[in-house]
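Each remark here refers to the structure printed beneath this line.
The values are calculated or read from the model by the stated rules, or taken from the named source; none is laboratory data. Computed from a predicted structure; not experimentally measured. Cβ sites come from the backbone with ideal geometry, for glycine too, and all protein chains shown count toward neighbours. Ligands, DNA and RNA are excluded from the accessible area calculation, which covers all protein heavy atoms including side chains. Shrake-Rupley method; radii C 1.70, N 1.55, O 1.52, S 1.80 Å.
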Amino acid sequence: MNTDAGAHARTPAAAYAQAAEVAGRAPSIHNTQPWHWQVHSDRLDLLADTSRALPGTDPDERMLLVSCGAALHHAQVALRAQGHTVQVRPLPDPARPQLLATLTISGDEAVTADAVRLMQALQLRHTDRRPTVDTPVTAEQVDQLRQIAGEFGVHLHKLTADQVSELAVAVSRAEEAAATEPAVRAETAAWTGPDRPAGAGVPPEFIPDRRPETDVGEREFTARGALAVGGGHDKSSTYAVLFGESDDRGAWLRAGQALSAVWLQATVQGLALLPYSQVIEIDGSRAMMRRILSNLGYAYIVLRLGVADPDHPLPGHTPRLPFDTTTTVDPD
Ligand SMILES: Cc1cc2nc3c(=O)[nH]c(=O)nc-3n(C[C@H](O)[C@H](O)[C@H](O)COP(=O)(O)O)c2cc1C
């Protein structure tokens, strides 16, 4: 991936195509990668690809929008690392709800050290479901992440010890509800089991080989995992929630941008981040999360932050769909 300002000699379409390719590394619910990019000579369009939606698990498309928002932010990072100033128009056409955003290069700028660092973090970032080690997350680190989420109009609230106990209850209620929903079980199996689509889904090497001994239970995947979890706990983890004042498609897209921005910065800080979305997907536990927030806003996603085991790196990265599956280059 080219991160140097010399890339300006290339056409905007080439820069957009590269951004679409880089954005493919974004995190997504069950690694569904529910986005489609259209590269034009004067803009890059982000569309929802509902053929990879999860209607049983995610009937309102919340997590689809959050995933696409993360991809949108990844594309922004890629364009900035090429020395471009980017303008984003979210949901630009009410008549085309699947068109989630349009990105336009509006000028050129010097490539900053921060832009390069974020681009490097984007290539390193991954989901680590192993319990974190005993090193706590500092208040300064949380403050920095809070500020970054705020740039997208999204609040990051660090849960207190009492609220973490309430979160544990909400998470286990969500787990119980999901376990009795055949459509949810079928989707989890389809995306994380042996018949998952090529280039997508979660392979066993990234799923714990047994339930980690944590107070807040992790998402239960139907497939048996092959990731050794070690003996860690979540005592030193920090739990936080991203939330905001509205609960609609625009808010979920922004939540995804904030999730990506927070995750990349956490990666720069040397922190591992694990998203918890089941507690938001299920109506009853989502209402519990709203009560935990004293009805101050709508919860978008829960985050576990902590320091990952430095001696046992994860076995590489989860797969991604080929570029020509997720991107169309329009000859206009
Ligand atoms: C919106 C969203 C929700 C997610 N929810 C969960 C979750 O509840 N539990 C979990 O273990 N991982 C969750 N993930 C992580 C994805 O499974 C992960 O991003 C995907 O498998 C790709 O792997 P990577 O992040 O290592 O690139 C979520 C990710 C996103 C973007």
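Between ASP330 and ASP42, the simple spin-label model (points 7 angstrom out along Cα→Cβ) gives 1.1 nm.
Rounded to the nearest 20 Debye, what is the dipole magnitude of the stretch 184-246 about its Cα centre when Lys and Arg each give +1 and Asp and Glu each give -1 at the C-beta? Please list the in-between numbers first.
On the way: 7 positive and 10 negative charges, 36 e Å.
Once rounded to the nearest 20, the dipole reads 180 debye.
Where only protein heavy atoms count, and the probe is 1.4 Å, what is the accessible area per residue for the chain in Å²? Kindly include the intermediate steps, with their values, before the conclusion.
On the way: 13870 Å² over 332 residues.
I get 42 Å² per residue for the chain.
Think of the stretch 102-175 as having a plus end and a minus end, set by charges on the Cβ of Lys, Arg, Asp and Glu; of VAL164, THR112, THR102, VAL164 sits farthest toward the positive end of this dipole. Extension gain, ASP93 to THR135, is 10.5 nm, computed as 0.36 nm per intervening residue step minus the present C-alpha separation. Relative to the longest principal axis of the Cα atoms of the chain, the long axis of helix 249-268 lies at roughly 80 degrees.
Here the chain is treated with +1 on each Lys and Arg Cβ and -1 on each Asp and Glu Cβ, and its dipole about the Cα centre works out to around 80 debye. Helix-only arithmetic for the chain: the sum of -39500 (n - 2.57) across DSSP H runs with n ≥ 4, divided by the residue total, places the mean residue ellipticity at 222 nm at -11500 deg cm²/dmol.
In this rough spin-label picture, where each label sits 7 Å from Cα along the Cβ direction, the THR50-GLN144 distance is 4.1 nm. For the stretch 221-233, putting each phi into the Karplus relation 6.51 cos²θ - 1.76 cosθ + 1.60 with θ = phi - 60° gives couplings of 8, 5, 6, 6, x, 10, 8, 5, 8, x, x, x, 10 Hz, in residue order, rounded to whole numbers and with x for Gly and Pro.
Remind me, relative contact order of the stretch 1-149 in percent, using alpha carbon pairs under 8 angstrom and six or more residues apart? Display every interim value, and only then the final one.
Working: 219 pairs, mean separation 37.4, N = 149.
Worked out over the stretch 1-149, it gives 25 percent.
For the chain, set up a GNM with springs between Cα atoms under 10 Å and report which of PRO92, PRO203, PRO310 has the largest fluctuation. Greatest mean-square fluctuation among the candidates belongs to PRO310.
Under a 5 Å amide H cut-off, with hydrogens placed 1.01 Å from N, ALA200 pairs with nothing among residues at least 5 apart or on other chains. Here the accessible area is traced with a 1.4 Å probe on the protein chains. For the chain, carbon and sulfur cover 52 percent of it.
How far, in nm, would the chain grow between ALA189 and ARG291 when pulled straight, counting 0.36 nm per residue and subtracting the alpha carbon separation? If you can, show how the numbers build up before the last one.
Working: separation 102, 0.36 × 102 = 36.72 nm, distance 3.12 nm.
Going from the current span to full extension adds 33.6 nm.
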